[in-house]
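All remarks here apply to the structure that follows.
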Amino acid sequence: RDYISRGLRSRAEDLVSIELGPKPEHEIKTALEREITAERWTRLDVEIRIAADETGFIDLRPERSGAGDPQTRRLMIGRLQHLEKMGLASSASPGEWMVGLDAERHLRDLGLRGDIIKTMHRAFAERGEDRGVADYVIEGGSGQAPIIGRLVDRGLHDELTGEAYAVIDGTDGRAHHVRFRGVEAFEHAPPIGGIVEVRRFGRADEPRPTLVLAPRSDLDLSRQIRAPGATWLDHRLVEADPMPLSIGGFGREVRDALQARAEHLADQGLGRRQGQRIILQRDLLATLRRRELDAVGARISAETGLAHVKPTAGDQVAGIYRQRLDLSSGRFAMIESKGRDGGLGFQLVPWSREIERKLGQHVAGAVNDGGGIEWGLGRKRGLAL
């Protein structure tokens, strides 16, 4: 086995020189020494794989390896001893080893997990937070429990496959790293700090369902406390079945924000204090939404000279989709149309992802009883040939 006597050092030098340019021999030696105990797939593992036969057997006895490069043999034996501690290799006899056939997969998985932990740690550190690794949930999104929380980070996970990732500070007090099939999953995601939910599409038993990062609020918690509209916090305040919130982490932040929001609403005359409790008025969400839309509509009217037309259930909505407005009550579409008097006007209606590609084009739909819009965006049929 001449490659051993030629030495691992020269191969490593070639690899490092190609990637980083020529490096001093002592730096290469130090890097290889560190790889002995690395819990990931390393250059030493590549050399061990080359030296082993198809069953994973490798013979590093001095009389078989040659005396040309004892440093190479020492590095490989040191690595194999560490792999034995990890349960990935075993010593058959002095100088002879058996490497597990799944060692490469296991080491690559460990390396990936380490990279993910570094990504998550960096994301929280940039926010000035120190979250323990015990709170990390890697490969989140594969289970059935919903993941709802603050968007901390997002980006490209694997340039070769196009996989993307998001780091979410969950209401369950855990920090979730979720992988998506591509960055298109973020097409309508809120900015960093906004509230998101991981939505799953596909069969319940599908091992890797399609995941989408759905927006729940474009505002972070601090901005929601004094926001004019019906915020994500307001929905939590009035829901009949309260969302489970952890006593620590982001769950605790939501608890504190809910209390602060309730105090603000009471100060605005939208609730009354009863001892230690705050009783909110029954039509809170509708009142807040109406107030915000009236204020935004008045501002747009002043800027454009167009009349603000307020649609009600059963009304038809038709006109040019001009822009999306990200409000505290949610996302709304500005539809430029004719006013009730025949002049130009506009309507503010709940936005839907199905009309986003129609920006600047004519859209039409009807207001349903829930206040949403049923858009008529079916394909036009042409003449069949």
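Observations, loosely collected:
- Members of segment 235-285 that are of a type in the set (S, T, N, Q) and in contact (Cβ under 8 Å) with a residue 12 or more places away in the chain: S246
- Taking each residue of segment 300-320 that is under 17 Å from P350 (Cβ atoms) and looking for partners that are polar (S, T, N, Q) and assigned to a helix (DSSP H, G or I) with beta-carbon atoms closer than 6 Å, six or more apart or interchain, yields H308/S301.
- Pairs, first in contact (Cβ under 8 Å) with a residue 40 or more places away in the chain in segment 340-364, second among the basic types (K, R), C-beta under 9 Å, six or more apart: F346/R322; L348/K310; E356/R324; G360/R322
- Long-range neighbours under 6 Å by Cβ, at least six apart or interchain, first residue surrounded by 12 or more Cβ atoms within 10 Å (Cβ to Cβ) within segment 113-133, second in a helix (DSSP H, G or I) and not β-branched (V, I, T): R131/F124
- So L258, is it under 27 Å from P311 (Cα atoms) and outside the structural domain of S329 (by TED's automatic domain parsing): no
So that you can scan it fast, the table gives a plain yes or no per residue for (1) basic (K, R); (2) modelled with pLDDT of 90 or more; (3) touching a Lys or Arg at 6+ places or on another chain (Cβ under 7 Å); (4) not in a strand (DSSP E or B):
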residue	(1), (2), (3), (4)
L110	no, yes, yes, yes
M120	no, yes, no, yes
G155	no, yes, no, no
H177	no, yes, no, no
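- Flag for A145 being under 19 Å from L245 (Cα atoms), touching a residue at least 40 places away in the same chain (Cβ under 8 Å) and over 9 Å from the mean Cα position of the chain (by Cα): no
- When restricted to residues that are farther than 22 Å from R131 by Cβ and without any contact (Cβ under 8 Å) to a residue 40 or more places away in the chain, segment 218-231 contains 2.
- Members of segment 267-280 found to be within 16 Å of A230 (Cβ to Cβ) and in contact with a strand residue (DSSP E or B) (Cβ under 6 Å, 6 or more places away or on another chain), listed by number: G271, L280
- The one condition in (1) in contact with a His (Cβ under 9 Å, 6 or more places away or on another chain); (2) buried (at least 21 other Cβ atoms within 10 Å of the Cβ); (3) of a type outside the set (A, V, I, L, M, F, W, C) that R179 fails to fulfil: (2)
- For G162, the criteria (1) surrounded by 14 or more Cβ atoms within 10 Å (Cβ to Cβ); (2) part of a loop (DSSP other than H, G, I, E, B) hold in every case but one, which is (1).
- Top-ranked residue of segment 86-105 - restricted to ones that are touching a Ser or Thr at 6+ places or on another chain (Cβ under 9 Å) and not in a strand (DSSP E or B), ranked as nearest to I58 (Cα to Cα): G95
- Top-ranked residue in segment 157-172 [being more than 10 Å from the chain's Cα centre (by Cα) and small (G, A, S); ranked as modelled with the highest pLDDT]: G170
- Options G202, G173: the member that is on the phi > 0 side of the Ramachandran plot, out of contact with any Phe, Trp or Tyr (no Cβ under 6 Å at 6 or more places or on another chain), free of Cβ contacts under 8 Å to residues at least 60 places away in the same chain and surrounded by fewer than 20 Cβ atoms within 10 Å (Cβ to Cβ): G202
- For segment 323-351, the candidate set comprises residues that are in contact with a Gly (Cβ under 8 Å, 6 or more places away or on another chain) and not in a strand (DSSP E or B); within that set, the residue that is surrounded by the most Cβ atoms within 10 Å (Cβ to Cβ) is S329.
- Scanning segment 303-318 for residues that are buried (at least 16 other Cβ atoms within 10 Å of the Cβ) and within 37 Å of the chain's Cα centre (by Cα), we see that the one that is farthest from L359 (Cα to Cα) is P311.
- Applying the criterion of being aliphatic (A, V, I, L, M) and under 26 Å from the mean Cα position of the chain (by Cα) to the residues of segment 319-377, the residue that is farthest from A295 (Cα to Cα) is I355.
- I138 surrounded by fewer than 20 Cβ atoms within 10 Å (Cβ to Cβ), assigned to a strand (DSSP E or B) and in contact (Cβ under 8 Å) with a residue 24 or more places away in the chain: yes
Residues checked against (1) at pLDDT below 95; (2) farther than 21 Å from F332 by Cβ; (3) under 25 Å from the mean Cα position of the chain (by Cα):
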| site | (1), (2), (3) |
| --- | --- |
| P228 | no, no, no |
| D234 | no, no, yes |
| P242 | yes, yes, yes |
| G249 | yes, yes, yes |
| V254 | no, yes, yes |
| L258 | no, yes, yes |
| D267 | no, yes, no |
| Q274 | yes, yes, no |
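The values are calculated or read from the model by the stated rules, or taken from the named source; none is laboratory data. Here the structure is a predicted model, which means the values were calculated and not measured. Virtual Cβ from ideal backbone geometry, glycine too; neighbours counted across all protein chains shown.
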